[in-house]
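Q: First, the structure itself, so that you have it in front of you.
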Amino acid sequence: MNIFLLLTISIAFGIGTFLILRRDIIKMIIGIVILCHSVHMMIVAMGAFDGIKAPIIEGSPDKGSGIIFQDSLSDGILAPVVPHTTEVLHMDPLVQALVLTAIVINLAITAFLLILAYRIYEEYGTMDADELRRLRG
Amino acid sequence: MDQSVAIILAIFLPFIFAILVPYVEKIFKHRIGWYASFTALLTFILIATAAPSIIAGKTIQYSVKWLPSVGVDFGIYVDGLSLLIAFLASGIAIMIMAYSNEYMSHKEDLAAYYKYILLFMGSMIGMVFSANTIQLFIFWELTSITSFLLIGYWKHKPQSVYGAKKSLILSSGCGGLVMFVGFLLLRSITGTFDIPTIISDPSMINTIQGHELFVITLVFIFIGAAAKSAQGPFYIWLPNAMEAPTPVSAFLHSATMVKAGLYLVARVHPIFSGTEAWLILVAGTGMITMIGAGFLALRQTDIKGLLAYSTISQLAYIMTMYGYTTYQEPGIGVAAATFHLLNHATFKATLFLMVGIVAHEAATRDIRKLGGLRREMPLTFIIATIGALAMAGVPPLNGFLSKEMFYESSVMMGNNLGAPYTFIIPAVAVLGGVLTFAYSIKIIDGIFLGKRQDDHLPKKIHDPSAIMLAPTAALAFLVVLFGVFPSIPVNLIIEPAVAGILLDTVSLNVKLWHGLTPELFMTVITFVLGILLYTKYDDIARWQDRFNVRHPGISINYYYDKIVGNATYNAGRFSGKFQVGPIKYYIIPILLLAILSILVPVTLLSLEMFPVTLNFEIPPYELIVFLLIIITALLAAILPSYLPAVIAVSAMGFLVGIVFIFLLAPDLAITQILVETLTTIIFVLVIAKVPQTFKENITKRILLRDILISVTVASTVFIIMLYASQGIIPPFESVSHYFLEKSVLLTGGHNVVNVILVDFRSFDTLGEIAVIFLAALGVYNLIHSRGERK
């Protein structure tokens, strides 16, 4: 895997973590969004290796498609995801399907959280999670 | 009707009728007590159908498979002993619930009251008929729970709640669970939970008595019995249980539930008796409790409190008698104990119901405020005198007979042990009798004799209506009947019960006049000393009060309160420390734990796999996108105003879409860009309505801490991904093979991701749609609820 992508994902994850530790509710939500982005990238990256194709099959089924995952590591340990191999044709489609679902669900959650934040502000006049706690007593 | 069917019906009928109580209450209103009383009567009749064959010397056994994998059946075992307790439970319940019709105010939650009592009655009957220890334990704990509910019946009174908790902690927590361990030990010795199998097999009993775990098993089971019957240090819960409505105290806490411990002692009597451990443990605990509780009873000013201590003391009599044992004759006191068990249930229930009447009419239970009521309440006075004199052991009442038997068995026990016990054991027994005599007289004297205290009492006091008087009088009648014609109860129920314990046919000869025996002299001594003690009654009570004030530490209650109070306080402090409130304090431990549980094993297991082959080649356009992602994420974090921060985070979202293109995921890229557009719109809509910024004062310490956490989390993610991408973790076979192979073949779809979503895993997509739908509903309701508040 590309080291720069890896670094980017990790840094984004760190920034997201920093944000969900804040008292400001909007910043927390932004933090959750950033965390989700990095998790999505992480999962997709797990199924990605250099020099392979998108999981879209071209042509007829009997030609070219078929066996795609083969262990090429000499020590006999299989990778959890598709390793480097000469026969690889496609990216792992499953992780992509997973993440596609995750992205949509993430939208639902973000929308809900935002409306919740908005209603909290309307009811209590604050965006401070600590202050909210005090108000509740 | 088949007898075993009748018994099983008798167990479950109260439960079924208890469930129906709330519905029946709608029809019967405040007369629901008659329904409950009728249920008890029905149960009593069902149990009575089993009586003839038990009296004839048989037992009834029946079982159905319940938990065959652990060798537990649902079984019933009916012998004289279980029949006796079941008769007490259902018979006294009839009177108690009839009495409650008048006693309980119509404003109370009557449905709950009768429901709990019926549930208790069913549990008690279920317990005594249980053929195995597991079933016995379950019903045993059910009686504890129903007792808890009834003591805490007046939920608004803190004293009730305190008493209820105390009874549950001590009788169920400290007693029941320990007893359960005892049962498991017994099972490990014998290999069975079945009680009749164990007690009917002499060779098995020999094995148990010779086993190295014998003493510890006995101690554990006895602790359960002692806690239930308020013996030894466990006595402290019973006085506090007096917060329950008085009929409940009469029923549970004097006549039946506290007898459960004695029942257990009698039930395991064949297994453990005839050993020194049994004598020391059971009789020893009984004697100490008998004297201690009798002594403490003297200072009680609440009549119910006095009766509670006298109950403890009387139960201790019975315990002591069950404890009397020698190698040759394992059951010296069994007959006396069983007879006293019945007698105590009758006279103590009479006394409790009498106290209920007095409290109902005179509006106080304080013995200092009562007095001189004999003219106003002549009938109650007669009943009280019968009950109290029976407890004091005055002929010709039933208490006299069983007390004589107590003395007789004490003398026998003393003779068997030899000097100095020949003197000590009878002396202790007499001392117990003297104390009982004194406080029994106090009940009569304090309430009905002496001067009327007009300051404290209502102007007009009179005997209660027949509804309360009749059940009390019926019990008092039994007290006299059993005293004058002892052969009736003895032949009908005591002999079968004793036979059930000793596993042998017995013939008892109980008569009012049985010649000039040592025990008769002991009774005379008891009366003389009792009258002498009564003259010093108030001095002793005052001395006890002074002692209590001076030495608050010499009291079991003091330590109970300290332990329970400290436990509550420390639990509160502990959870207060971990559940501080702000979400971030929950997130931090979760993150740290995740890091520890992932990073450490990964590092330890795969240290040698490092270093890995890393790919540093990257096209410049990819590098730019990655850098932009980091920059936008950073901006989203540090920009103070919401709008710029939201713009930054949505820019990041679009860049993530581009990354998906690099990762050869075109579907994801499209979805991400569409979703990001929508997210941005919602973000902007919301932040337009709230203040544009929020200044959080981040101290250096918090900043440092949060950055440290974030960096740790980021490095963990980095390392995990690094390892994962090197293929460290042994995989399962990927299901992706299948999808790629079959996609075109089965569905005709060439885009495998799409095929998975709408075809192979379409139920997942349905779930996803459900999530969106729920979120939309939530959003709608949140916005909608705004109107209602304002």
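Since every read-out is calculated from the coordinates, none of them should be taken as a lab result. Being a predicted model, the structure only gives us computed values, none of them experimental. All Cβ positions, even for glycine, are placed from backbone atoms using ideal geometry, and neighbour counts span all protein chains on display.
Q: Give a residue-ordered list of calculated ³J(HN,Hα) values for region B:546-553 (Karplus: 6.51 cos²θ - 1.76 cosθ + 1.60, θ = phi - 60°; whole Hz; x for Gly, Pro).
A: Calculated HN-Hα couplings, in order: 4, 4, 5, 5, 6, 10, x, x Hz.
Q: Put a dot 7 Å past each Cα toward the Cβ at B:Leu592 and B:His737; how far apart are the dots in nm?
A: Inter-label distance under the simple model: 4.4 nm.
Q: Could you work out the longest stretch of chain B that avoids the GluC sites (Glu not before Pro) located in DSSP loops with at most 12 other Cβ atoms within 10 Å?
A: Numbers: sites that count: B:Glu212, B:Glu617, B:Glu733.
Of all site-free stretches, the longest is B:213-616.
Q: Quick one: which residues, 5+ away or cross-chain, put their amide H under 5 Å from the amide H of B:Tyr324? H built at 1.01 Å from N.
A: Close amide H contacts, sequence-distant or interchain: B:Gly333.
Q: Evaluate E = 1/(1 + (r/R0)^6) for B:Leu628 and B:Asn570, where r is the Cβ-Cβ distance and R0 equals 51 Å; express this FRET efficiency to the nearest 0.05.
A: 0.45
Q: For region B:327-368, run through the trypsin sites (Lys or Arg not before Pro) and keep only the ones in DSSP coil with at most 15 other Cβ atoms within 10 Å of their Cβ.
A: Sparse-neighbourhood loop trypsin sites (Lys or Arg not before Pro): B:Arg368.
Q: Quick one: grab the alpha carbon gyration tensor of region B:583-738, order the square roots of its eigenvalues as a ≥ b ≥ c, and give me rounded if a/c is under 1.5, else prolate or oblate depending on whether a/b is larger than b/c.
A: Cα axes put region B:583-738 in the oblate bin.
Q: Here is a follow-up. Around B:Asp302, which amide H atoms from residues at least 5 apart in sequence, or from another chain, sit under 5 Å from its own amide H, with H modelled in the peptide plane?
A: Placed amide hydrogens put B:Ile367 under 5 Å from B:Asp302.
Q: Here's another thing I want to ask about it. Residues in region B:518-553 near a label at B:Lys562, defined as backbone nitrogen under 14 Å from the 7 Å Cα→Cβ point?
A: B:551-553
Q: If I model a spin label at B:Asp504 and B:Phe12 as a point 7 Å from the Cα along the Cα→Cβ vector, what separation in nanometres do I get?
A: Each label point lies 7 Å from its Cα, and together they span 3.9 nm.
Q: At 0.36 nm per residue, and after removing the present C-alpha to C-alpha distance, how many nm does the segment from B:Ser188 to B:Ile525 gain when stretched out fully?
A: The span from B:Ser188 to B:Ile525 would gain 116.4 nm if fully extended.
Q: Using 0.36 nm per residue, how much length does the chain from B:Val549 to B:Gln159 gain when fully extended, once their Cα-Cα distance is taken away?
A: Length difference between fully extended and current span is 138.3 nm.
Q: Provide the FRET efficiency to the nearest 0.05 for the B:Lys65-B:Leu481 pair, computing r from the beta carbons and using R0 = 51 Å. Could the numbers behind the result be given before it?
A: Values: r = 44 Å, r/R0 = 0.86.
Step by step, r from the Cβ atoms, then E = 0.70.
Q: For B:Ala56, what is the net charge nearby, where nearby means another residue's Cβ is under 13 Å from its Cβ and Lys, Arg count +1, Asp, Glu -1?
A: So the environment of B:Ala56 carries a net charge of -1.
Q: Is there a simple number for the mean count of other chain Cβ atoms within 10 Å of the Cβ of residues in B:778-784, and what is it?
A: Counting Cβ atoms of other protein chains within 10 Å of each residue's Cβ and averaging gives 4.
Q: Got a sec to turn the phi values of region B:382-396 into Karplus ³J(HN,Hα) couplings, 6.51 cos²θ - 1.76 cosθ + 1.60 with θ = phi - 60°, whole Hz, x for Gly and Pro?
A: Going residue by residue, I get 4, 4, 4, 5, 4, x, 5, 5, 4, 5, 5, x, 9, x, x Hz, with x marking Gly and Pro.
Q: Now, a different point. Ordered by residue, what ³J(HN,Hα) values in Hz, to whole numbers, does region B:323-329 give under the Karplus form 6.51 cos²θ - 1.76 cosθ + 1.60, where θ = phi - 60° and Gly and Pro are x?
A: Along region B:323-329, the couplings run x, 4, 7, 9, 4, 6, 10 Hz.
Q: Further question: As a test of the formula, what do you get for chain B when each DSSP H run with n ≥ 4 contributes -39,500 (n - 2.57) and the sum is divided by the residue count, at 222 nm and rounded to the nearest 500 deg cm²/dmol?
A: Result for chain B, helices only: -23000 deg cm²/dmol.
Q: Neighbouring Cβ atoms within 10 Å as the yardstick, rank B:Leu604, B:Leu599, B:Leu136 fewest first.
A: Fewest-to-most Cβ neighbours within 10 Å comes out as B:Leu604, B:Leu599, B:Leu136.
Q: Within 10 Å of each Cβ in peptide B:700-709, how many partner chain Cβ atoms are there on average? Round it to a whole number, please.
A: Working: counts 0, 0, 3, 1, 0, 1, 6, 4, 0, 4.
Average per residue, whole number: 2.
Q: If you don't mind, another one. Between A:Leu7 and B:Ala541, what is the label-point separation in nm under the 7 Å Cα-to-beta-carbon projection?
A: 8.9 nm
Q: Once amide H atoms are built 1.01 Å from N in the peptide plane, which residues 5 or more positions from B:Val394, or in another chain, come under 5 Å H to H?
A: B:Phe400
Q: Report the local net charge at B:Met468: Lys and Arg +1, Asp and Glu -1, summed over other residues whose C-beta lies under 13 Å from its C-beta.
A: Its environment carries a net charge of -3.
Q: Could I ask something else about it? Sorting B:Ser710, B:Ser4 on the 10 Å Cβ count, fewest up front, what's the list?
A: B:Ser4, B:Ser710
Q: Full extension from B:Leu213 to B:Asp201: what is 0.36 nm times the residue separation minus their Cα-Cα distance, to one decimal in nm?
A: 2.5 nm
Q: Still on this structure: What aspartates and glutamates does B:Lys58 reach when the alpha-carbon gap must be under 20 Å and sequence neighbours fewer than 8 apart in one chain are set aside?
A: B:Asp2, B:Asp79, B:Asp194, B:Asp201, B:Glu495, B:Asp504
Q: Taking 60 Å as R0, compute the FRET efficiency from the Cβ-Cβ separation of B:Leu512 and B:Lys26 and round it to 0.05. Mind dumping the intermediate values first?
A: Numbers: r = 51 Å, r/R0 = 0.85.
Computed FRET efficiency for B:Leu512 and B:Lys26 comes out at 0.70.
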